[in-house]
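To keep things clear, I will list the structure first and then write my remarks on it.
The values are calculated or read from the model by the stated rules, or taken from the named source; none is laboratory data. Remember, it's a predicted structure, so these values are computed and weren't measured experimentally. Cβ placement follows ideal geometry from the backbone for every residue including glycine, while neighbour counts extend to all protein chains displayed.
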Amino acid sequence: MSKNVKTSSFAYYFGSWSLIHKGGSVKLSVFKGREAKLNRAIFNALAIKGPLTAFEIYKYIRSKRIFRRKLYSVVNRRIRRLEAEGFLVKIGRKLTKAGFTAPVYRLTAKAYLAILLSTLDFEHILTLTDDESALKLLAALVDFANMSVF
């Protein structure tokens, strides 16, 4: 007997997009709410393809089944919001076929950190970490947060 195994809708629509997935133990604000899927898709496009213009990001996102009806204005608005929040940065301008220049965006270190934190499972890390590595991680986090453990 074969059991009917149901995959998550995110994995079904994105197929081989293994860079960003749900399932981390941390819920970051950039991956919450109604804009979470589009934010993940924008991050994925820029992480896989490198620096792109807003229209190139839009074309890449539209190639995925779940975003087939997504409007350019929605994607562009989300890109500008992510830029204002510090997840994207303009690195230059590119001449388009229409003859005007469009800004080129890339991910910042903050965006890569958000991707990493959203994919990490901290329970798994705790089971694999030895005392020396745990002390180094604890020292880095305490130093960053300027706080005490107790």
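Remarks
- Entry remark, segment 65-79: residues being crowded, with 17+ Cβ neighbours inside 10 Å and in contact (Cβ under 8 Å) with a residue 40 or more places away in the chain number 1 in total.
- The residues on offer are Arg106, Arg69, Arg78, and the sole one that is out of contact with any helix residue (DSSP H, G or I) (no Cβ under 7 Å at 6 or more places or on another chain) and assigned by TED's automatic domain parsing to the domain that holds Ile57 is Arg69.
- Of all residues in segment 81-98, those satisfying the criterion of being modelled with pLDDT of 90 or more and either of a type in the set (Asp, Glu) or out of contact with any helix residue (DSSP H, G or I) (no Cβ under 6 Å at 6 or more places or on another chain) (or both) are Arg81, Leu82, Glu83, Ala84, Glu85, Val89, Lys90, Ile91, Gly92, Arg93, Lys94, Leu95.
- Total residues in segment 106-140 satisfying the condition of being without any contact (Cβ under 8 Å) to a residue 24 or more places away in the chain and either touching a Leu at 6+ places or on another chain (Cβ under 8 Å) or hydrophobic (A, V, I, L, M, F, W, C) (or both): the figure is 14.
- Condition check for Ala140: surrounded by 11 or more Cβ atoms within 10 Å (Cβ to Cβ) and either part of a helix (DSSP H, G or I) or touching a Phe, Trp or Tyr at 6+ places or on another chain (Cβ under 8 Å) (or both): no
- Among the residues of segment 80-105, those that are in contact (Cβ under 8 Å) with a residue 12 or more places away in the chain, closer than 18 Å to Asn39 by Cα and of a type in the set (A, V, I, L, M) comprise Leu82, Leu88, Val89, Val104.
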